[in-house]
Amino acid sequence: MINFRKTAQFDQDATVLILEKIQVRQKKLPAEIDLKTKEQIAAVYESGQFSGDKNELFPLATSSGLILLAGIGARSDTSPTAFRIMVKAALQSRYLCNKENIEVVPNDIKDEYVNALIEAIMIGTYQWQKYKTNGSIGVRYDQKHYYVIATRKKSHEQVQGICAGTNLARDLVNDNADLVTSTYLEKVIKKLIKGRKHITLEVLGKKELKAHGLNLHLAVNQGSRQEPKLVIVKYAGSSKKKGYTAIVGKGMTFDTGGLNLKPTGHIETMKLDMGGAAAVIGTLKSTIEIDLKKNILFVCGLAENVTGSSAYKPGDVLTSYSGKTVEVANTDAEGRLVLADAISYVIKNYAPERLVDVATLTGACIVALGFNYTGLVTTDETMANQLLRYGKETDDRVWRLPMYPELSESVKSMIADIRNLGVPKGAGGTITAAEFLRQFADNTRWAHLDIAGTAFVDNGKRFYFGHGATGAGVRLLTRFLQNT
Ligand code: BES
Ligand code: MN
Ligand code: ZN
């Protein structure tokens, strides 16, 4: 929990005092610090124990309790990203792990950095500990009370709402695939929108998907005991007669690869494959929390791609909702199948002004961009520029890959209208997948976000995220919906 305060009070179990190098040297400290403590800080500086350098921490025992001095170096030498990493490290340090009530005092920093500070608290200290019987209790932000000195409460509360959406997405991705099924996600969505008059819901279950002919979606789920679902939330936030923006998420609650089974080393993290739907649900939460006055369609294509005697078969030709026939060249290229039907259904029945899909779609995106940038593919220059800009601003980073007319050759089939695997295999996997989707988006303004690399941290460190889901897409999409 975060509470905002106008001035520092040093009345909690501990205080984190964030200091720039120059502030330490020039003794520019918050006015509320008493003289004795000021002298103590000057003394540890003069004795060389703390200089305000990047990542420096010094626990100072004072008459008003523990003050953790946290250095962030020179202003010219830091960035909001580096700042979040430093604050996260301070908050998760051994000095604070058993403290429940923590005051955080940034010393004279810009609003942008106060917002980064809130993200450091909410996103940075998030840890997935549901199944740890002996988890390090109390390090999660929601188990602690943070008192943050900040002046622009409204703006900071918005950041809080967006972080809450981000963390919801992370919870959904992190939990077991056998728990987070299509039915479970439907319940999560229903709970979020319950009692809100401007929000309506359409859910297509197996029966409705059959009746409407969403055969690609059905085929992908064919081997599963779980029900396939297409969930569409209509959020009428604007009173003006404005068009809708659709955001469509891939919600593969588990991806075994199907009969083209994934090998060991690739299958273990595939609970992440509903990361796109999680991003959509997280963005729905953010949207509700900050009360966005926009018209939005939140869409989740939910299915499970498993093997078995009833699983769909490589080589078969399916007829999509749009009427286009599709050759299933590989059952592991399932995401584009579910998305294709979802995209054409939403366009036909809701006629959105523009559509952004978000999906853990291709391993090739990881090859191309690694883990720190979401892949963006679009034919719409305006949306490209907007998404690139908001990716930078929110630190939910995006890098654009090309889309060009000749790409349509790569998804041509000998036996159907289109094929779910690009040729030659392995070449431009991310953009051939995007080309497949583009052909179902028709003339609607469309952009595609491939979060295969960014949705999940499996090994190693990434920015201020811990192990597991990152909530990739939530901050980006919320800002995009808010500002455009
Ligand atoms: N869900 C995967 C993509 C993925 C891979 C996400 C690694 C996150 C990490 C997707 O359904 C998939 O299997 N894609 C195949 C496509 C191929 C068969 C054309 C891939 O990337 O190998
Ligand atoms: Mn797959
Ligand atoms: Zn997949």
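The values are calculated or read from the model by the stated rules, or taken from the named source; none is laboratory data. Quick caveat: nothing in here was measured; it's all calculated off a predicted structure. Backbone-built Cβ (ideal geometry, glycine too); neighbour counts: all protein chains shown. Side chains included, ligands, DNA and RNA excluded: accessible areas come from the protein's heavy atoms. Shrake-Rupley method; radii C 1.70, N 1.55, O 1.52, S 1.80 Å.
For segment 186-235, report the translational diffusion coefficient in µm²/s to the nearest whole number, using Stokes-Einstein at 10 °C, 1.306 mPa s, and a Kirkwood Rh over Cα pairs.
On the way: Rh = 11.9 Å.
It diffuses with D of about 133 µm²/s by this estimate.
Mind checking Rg over Rh on segment 161-483, alpha carbons, Kirkwood formula for Rh?
Using only Cα positions, Rg/Rh for segment 161-483 is 0.93.
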Given unit charges at Cβ for Lys, Arg (+) and Asp, Glu (-), the dipole magnitude of segment 11-58 about its Cα centre in debye, nearest 20, is 280
Just the number, please: carbon plus sulfur as a percent of the accessible area of the chain, 1.4 Å probe, no ligands or DNA/RNA counted.
50
Would you please put 83-93, 401-411, 315-325 in order of how densely packed they are, using the mean number of other Cβ atoms within 10 angstrom per residue and starting with the highest?
83-93, 315-325, 401-411
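Under unit Cβ charges (Lys, Arg +1; Asp, Glu -1), what dipole magnitude, rounded to 20 debye, does the chain have relative to its Cα centre? Provide the component values of the computation, followed by the final result.
Details: 62 positive and 50 negative charges, 217 e Å.
About 1040 debye.
Within the set 229/313; 154/191; 6/130, which residue pairs have Cα atoms separated by over 24 Å?
Numbers: 229/313 21 Å; 154/191 26 Å; 6/130 35 Å.
Over 24 Å Cα-Cα: 154/191; 6/130.
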Reach of residue 99 by Cα under 17 Å, taken over lysines that are not fewer than 8 positions away in the same chain
88, 144
Cα centroid separation, segment 335-366 to segment 420-477 (Å):
11
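Given C-alpha coordinates of segment 20-153, what is the ratio Rg to Rh with the Kirkwood estimate of Rh?
Details: Rg = 15.1 Å, Rh = 15.6 Å.
Using Cα coordinates only, the ratio equals 0.97.
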Which whole-number percent gives the relative contact order of segment 2-151, counting Cα pairs below 8 Å spaced six or more residues apart?
33
With every protein chain in place, the accessible area of residue 97 for a 1.4 Å probe, in Å² rounded to the nearest 10, comes to 60
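Please get the size of the charge dipole for segment 2-151, origin at its Cα centre, with Cβ charges of +1 on Lys and Arg and -1 on Asp and Glu, quoted in debye to the nearest 20.
Values: 19 positive and 17 negative charges, 62 e Å.
Using Cβ point charges on Lys, Arg, Asp and Glu, segment 2-151 gives about 300 debye.
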Can you give the Kirkwood hydrodynamic radius for segment 360-484, in Å, rounded to one decimal and based on Cα pairs?
15.2
Order 288-294, 43-49 from most to least packed using the mean count of other Cβ atoms within 10 Å.
288-294, 43-49
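Tell me, what is a quarter of the convex hull surface for the C-alpha atoms of segment 305-349, in nm² with one decimal? Please list the in-between numbers first.
On the way: hull surface 13.1 nm².
For segment 305-349, the mean projected area of the Cα convex hull comes to 3.3 nm².
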Relative contact order (percent, whole number), segment 333-454, Cα cutoff 8 Å, 6+ residue spacing:
45
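Treat segment 61-108 as a sphere of radius equal to its Kirkwood radius over Cα pairs and apply Stokes-Einstein at 37 °C in a medium of 0.692 mPa s; give the translational diffusion coefficient in µm²/s, rounded to a whole number. Don't skip to the answer; put the middle values down first.
Working: Rh = 12.1 Å.
Approximately 272 µm²/s, per Stokes-Einstein.
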For every helix of n ≥ 4 consecutive DSSP H residues, a contribution of -39,500 (n - 2.57) applies; sum these over the chain, divide by its total residues, and give [θ] at 222 nm rounded to the nearest 500 deg cm²/dmol.
-10000 deg cm²/dmol
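Name the trypsin sites (Lys or Arg not before Pro) in segment 391-472 that are in a loop by DSSP and that have at most 14 other C-beta atoms within 10 Å, would you?
Working: sites: 392, 397, 400, 412, 419, 425, 438, 445, 461, 462; in loops: 397, 412, 425, 461.
Here the sparse-neighbourhood loop sites are 412, 425, 461.
So what is the accessible area of the chain per residue, in Å², with the probe set to 1.4 Å? Could you put the intermediate results ahead of the total?
On the way: 20180 Å² over 484 residues.
It amounts to 42 Å² per residue over the chain.
Would you mind calculating the relative contact order of the chain from Cα pairs under 8 angstrom and at least 6 residues apart, reporting the percent as a whole number? It would help to have the intermediate numbers written out before the result.
Numbers: 1072 pairs, mean separation 73.8, N = 484.
So the answer I get is 15 percent.
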